[in-house]
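> My structure is below; once you've seen it, I'll send some questions.
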């Protein structure tokens, strides 16, 4: 990964693009989510007549975030594996911190988007979303997911860039010593 600068730029571009797609889908989902006026009440029974457009947008946002997280972590682990085979590995403290922040953001975001997307489906009479009651996604939930997805992706890019920079510095030192 450190020997091909074009590959690094391509990897960072793909990860950043997936993060931005996830964020953009969340912004649109926030605007298209079900509102209180969409909720129909019939006595104690409630229902949402149709699933909102936020459902598909939430699925697209979560798929793009998961794809970015998988690609970024595979490439980061591959970089460590390649480096470990050629020389003594260094202590990756900052990289580990950024990677932990990325995974925590990803986990919280996955929980938020799963619940919000699930609530965006149609909720028939008497079934609702949970325990027969209808629920609506609160303001800002999709936006929160979007911010967390950007945080997850860009901390992952930061961890990868530190790893690449360290690999390049170690390669230069190895060449000078040889």
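> Modelled label-to-label distance, residue 16 and residue 38, 7 Å Cα→beta-carbon offset: nm?
Those two pseudo-labels are separated by 3.4 nm.
> While we're looking at this one, here's another question. Find how much the distance from residue 165 to residue 70 grows on full extension, using 0.36 nm per residue of separation minus their present alpha carbon separation; answer in nm with one decimal.
32.1 nm
Each value in this text was obtained by applying a stated rule to the coordinates, not by laboratory testing. Source: prediction; values computed, not measured. Heads up, the Cβs are rebuilt from the backbone with ideal geometry, glycines too, and the neighbour counts pull from every protein chain shown.
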